[in-house]
Number of protein chains: 2
Amino acid sequence: MMRLNVKVALLFLLSIGVLTIVILYSICGTSEKDWQRLKYNPKALDLQGADEIDCDINGEYVISCRKEGEEVYIPFSFLHRYFEVYGKLATYDGLERFEWSHSYSKIYHPKSKYNPKGVFMYFENYNVEVRERVKCVSALEGVPVSTQWESQGYYYPTQIAQFGLSHYSKNLTEPEPIRKIIDDSEKELAKWIVPINAKLERSYDSSIESRILKFVTSENYLEGIRLRMDHVMYFVMRLDIILTSNSSFTVTLQKRETKELYYLHYINSDIWIIVQDNNIYHGIGTSQEWKTLTRDLIIDLQKGLSYLDKDRSKQKLPRSKLKIVGITLRGSGSIDNLTLSSSEHIQQFYDAAEWFVRHQDRETGGWPIYARRKVAPGFNELQPGWYSAMSQGQAISVLSRAYHHSGGDIRYLTAALKGLKPFKVPSSEGGVRATFLDKYQWFEEYPTKPSLFVLNGFIYSLLGLYDLMSISPLGHAQEAESLYSEGMTSLKEMLPLFDMGSVTAYDLRHFTLGTAPNLARWDYHATHVNQLLLLGTIEEDSPFKATAERWIGYMSGKRANHN
Amino acid sequence: MMRLNVKVALLFLLSIGVLTIVILYSICGTSEKDWQRLKYNPKALDLQGADEIDCDINGEYVISCRKEGEEVYIPFSFLHRYFEVYGKLATYDGLERFEWSHSYSKIYHPKSKYNPKGVFMYFENYNVEVRERVKCVSALEGVPVSTQWESQGYYYPTQIAQFGLSHYSKNLTEPEPIRKIIDDSEKELAKWIVPINAKLERSYDSSIESRILKFVTSENYLEGIRLRMDHVMYFVMRLDIILTSNSSFTVTLQKRETKELYYLHYINSDIWIIVQDNNIYHGIGTSQEWKTLTRDLIIDLQKGLSYLDKDRSKQKLPRSKLKIVGITLRGSGSIDNLTLSSSEHIQQFYDAAEWFVRHQDRETGGWPIYARRKVAPGFNELQPGWYSAMSQGQAISVLSRAYHHSGGDIRYLTAALKGLKPFKVPSSEGGVRATFLDKYQWFEEYPTKPSLFVLNGFIYSLLGLYDLMSISPLGHAQEAESLYSEGMTSLKEMLPLFDMGSVTAYDLRHFTLGTAPNLARWDYHATHVNQLLLLGTIEEDSPFKATAERWIGYMSGKRANHN
């Protein structure tokens, strides 16, 4: 009550003050015009306040603005739509302010010269497998399955390479993984609970020179061999495994808050992912040979949940909300070296590298993309099996690093060198090479008719060539070198064609189709900038750095001059 | 006093009202947060009003904005600087509103197919000679003298052609001229006042088959032969004249309001323009042959005044403020057919056409430009005597119309056809032909090294070619036709390179120099659009109309899509 009285008293005094000012002003200062305003617009009583004013936008429509003295104020909601600028209210130290952003993407300034054996660009920040367009990480291959252009899923070499390169880069930038061995049949033996009709046996397998755990259970689903756990630390699982048909290896996860249980089943099958209630199935293939599985359990759960409830897929699932409460073995099979780790980046990197070794077309050297791709009206549809210079280049970046990291495993070098072949074949003949006005050679991310000239994909392909020519042993680098030099000439000459004066073009379809330019949204624009900054560390006499700096300016509203 | 009392009374009532509302609100509706605002921010008393809020622009600087509920209002003065949009307050029917303009130029939608014998584009709206960069209209040649790149002045063929084309177009769109004959030595004889030492004689001149007026005065400046006038209607003078050296023909103008007198002296001399106090001298040359002078007296006065007072040159000098009060003949000479007209457009058009016939280089077919031109850093400086495809093309447009209008005067056709020669010579060899990546032929407004590829100048050159191929008699059109078709192919293919997604490029210097694009300011952008709309009426199956419509959208803030 006390507070209310004070309020009333203060407001009374304030009002008296306003009253006095108003009377004084009316005697001393009110012109005829003010008088009209006061008469018809009660809001004008706040003499310093803003008036409403209509604002006619290009003679096309009218919005409501504010006028204060000589200044007119335009509502940001309109500016957001009209100019596609971004704004949000934020509070710092109790003071609210409005943050205006011309763009939304991040620029990475390289600290030193690009190193083909090191981090790939800024890919340590990538998390490819959480992306919505990743169906799951295949347990057959250990690499992501894309749904970008075919909803049933397909292996997309570019995505697989980015998965590999991000894990390679994280391996260099993140802390060493911490591992907890759960069962290795040697030093660490877990306390499996074996039901009556089941059998668990530890024996020596000479094929892998290791003691292993063999299991057989009844076909009754409920009678699995179980290991109770209460693990909240590490969610990347690794194990060596053989499963006979109808057998499974299951990890049980629990949401700590709701106690709800989820079952990640790894089964003898070629399926990618199947979900039924809280059961998420990944097929590890049907081979009866030893296989090393590396599974990020959080990813596997999240991909599964997205099938249960589309909205849920966008919710981030923090590790802190989950625990591993058990493992169950069903059917028959063998396991070894069951481990939980904070990460297994280098293992996941090799999963990608091995995929490229296994899935390269022996004849063409390409990694075929089994998805239809219609870039835009006016271009032919790319038919399943097409090659992409970006896929080839990024695959070569993976393989070059694998060759280096493995200490010279020739399989990686061979695959990388063979991966150059499509660079020499015109896109009209199934390769990735396009020519700009019979003059400049370009490596096409999408080898369409007419040519498309996607900038970022081209630069990724050049990085692949640079990686390979840098890590190749003496006498193996010429081909990559000559392709790189050819491409670099084109890039230097053609780069200005992508400069739109306030933003960049994603490709040159406006030239080849004669349509409007396809402007790069800000994240692609930032990719252009980041790529040029990186190339600037390799090609020191190039205009790349200066161009990148100019393009950074575009991100805060700067524009090229007009005449 | 009455009014003041009413004011005070009304304001008192209003204030009481505000007081009541404030008290009521304070009791019923004030939350703790509102209370804080009221306490620390007296302006918040206007409860629905706007608060001040800082707005952080891209993390670079802070401006003061307004916040009202969830909406933030941005000051237009900032938007004007940041986006280069335009705005002004305007009042219609007593209601003030704010007019937002994304751009400022005018689009002319052609009403029918372009006709090479008709109006040139929308040049009936041009008034070349009033432009500040026109030093004067030469009385030797009857065409403008440019100061654009050399302050002492030079004949700029592009400007002369535009002068000619604008008068040709005005002749088609404006009312018929009204003429008042002042003296023709036949039917109309003016009442000249002849001082004692002077002589005025009317005789037959067989060379022009006409009776003429011959005059001789003493060398005393004051003793001229005078004609008193009081003429306020027509200010375009025409006469046939011969002046011996040190002779002059003077028109006296008076400002009706101030009675101030100005003297326009046309003298036997090669000077362009000299000004001394209120005396403005134009040289008509020193030849002793008959010459027809066509003078817009207002223009002659205005150009003269601009030398007296630079600021005055920008003041418009309306005809209604002036009158012609006299004409004076001094020295010796002859005159005939002295006339005042509302306009003499076709005569001024022919002055331009004749200039092109007289000043063409016989060998090269070019109209040399005697001014140095440094387009931008990175380009070589064009040396005096260079040719411009735009000049050639626009000259050809003038000559084609002269050939048509004159009923087939072969001199015009011959000059136009010879004017094609520089189109076939590479710019590196003194011609105007550039080649884009060894593939597309371009006609250069500025034949620089490296090539510049100015769009609007190229299109003007194509219009010249089109005009010539259209008006040429059978068997004379092939060369213009083949150059037009070659250029049209280039235009169709290269046009998209000028599309910057929200504006157009003026040229392709970004490609040839590797710099930022040189964006077209809105009047050049509008020229691009107007040219394409016109070409769209000739080339019906072309993308010109669709491109023009897209580019019109840019003028009201529309942009190409981003991906």
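What the table below lists for this structure:
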| item | result |
| --- | --- |
| Region A:51-101, accessible area per residue, ligands and nucleic acids excluded (1.4 Å, Å²) | 50 |
| For peptides B:76-84, B:338-346, sequence by mean Cβ density within 10 Å, most packed first | B:338-346, B:76-84 |
| Kirkwood estimate for region B:80-170, i.e. one over the average of 1/r between Cα atoms, Å | 16.4 |
| Ratio Rg/Rh [Cα only; Rh per Kirkwood] for the protein assembly as shown | 1.12 |
| Pseudo-label separations to other copies for A:Lys106 - Cα-to-Cβ vector, 7 Å, nm | 5.3 |
| Exposure ranking of B:Lys492, A:Lys106, B:Lys170 by accessible area [1.4 Å probe, largest first] | A:Lys106, B:Lys492, B:Lys170 |
| Surface share of carbon and sulfur [accessible, 1.4 angstrom probe, percent] for chain A | 51 |
| Surface accessible to a 1.4 Å probe, per residue, for the residues of region A:178-342, Å² | 51 |
| Average other protein chain Cβ within 10 Å of Cβ, residues A:55-63 | 5 |
| Other protein chain Cβ atoms within 10 Å, averaged over every residue that makes up A:82-93 | 3 |
| Relative contact order, percent, region A:257-409 [alpha-carbon distance under 8 Å, six or more residues apart] | 12 |
| Cα gyration tensor shape of region B:51-101, rounded if a/c is under 1.5, else prolate or oblate by comparing a/b with b/c | oblate |
| Whole-number Å³ per residue for the convex hull built on Cα positions in region A:178-342 | 108 |
| Local net charge near A:His345, Cβ-Cβ under 13 Å (Lys/Arg +1, Asp/Glu -1) | -3 |
| Size of electric dipole in the protein assembly as shown: Cβ of Lys, Arg +1 and of Asp, Glu -1, about Cα centre, debye, nearest 20 | 1600 |
| Interface area, B with A, accessible, probe 1.4 Å, both sides summed, Å² nearest 100 | 8700 |
| Residues of region A:495-543 buried by at least 40 Å² on assembly (accessible area, 1.4 Å probe, chain alone as reference) | A:Pro496, A:Leu497, A:Met500, A:His510, A:Phe511, A:Ala516, A:Pro517, A:Leu519, A:Arg521 |
| Two-site label geometry, B:Arg521 and A:Arg211: point separation in nm, points 7 Å out along Cα→Cβ | 8.7 |
| Surface/4 estimate of mean projected area, convex hull on alpha-carbon atoms of chain B, nm² | 39.2 |
| Potential lengthening between A:Lys106 and A:Asp230 on full extension [0.36 nm per residue; Cα-Cα distance subtracted] | 40.7 nm |
| B:His562 accessible area, 1.4 Å probe, all protein chains in place, Å² to nearest 10 | 80 |
| Net charge over other residues, Cβ less than 15 angstrom from the Cβ of A:Trp551 (K, R count +1; D, E count -1) | +3 |
| Which of B:Glu141, A:Glu444, A:Glu60 is most accessible, then next, and so on - probe 1.4 Å | A:Glu60, B:Glu141, A:Glu444 |
| Estimated distance in nm for a label pair at B:Trp149 and B:Tyr204, the labels positioned 7 Å out from Cα along Cα-to-Cβ | 5.3 |
| Kyte-Doolittle at least 1.6, axis length at least 18 Å by Cα - qualifying DSSP helices, chain B | B:2-28 |
| Stokes-Einstein D for region A:324-392, Kirkwood Rh over Cα pairs, 25 °C, 0.890 mPa s (µm²/s) | 150 |
| Using a 7 Å Cα-to-Cβ projection, A:Glu70 label spacings across copies, nm, ascending | 3.5 |
| Nearest-first distances (nm) between copies at B:Ile181, label 7 Å from Cα via Cβ | 12.3 |
| Tensor-based shape of region B:279-376 (alpha-carbon gyration tensor, a/c under 1.5 rounded, otherwise prolate or oblate) | oblate |
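The values are calculated or read from the model by the stated rules, or taken from the named source; none is laboratory data. These numbers were taken from a predicted model, which means no experiment stands behind them. In this analysis, Cβ positions are derived from the backbone assuming ideal geometry, glycine residues included, and neighbour counts consider all displayed protein chains. In case anyone asks, the SASA skips ligands and DNA or RNA and just uses the protein heavy atoms, side chains included. Shrake-Rupley method; radii C 1.70, N 1.55, O 1.52, S 1.80 Å.
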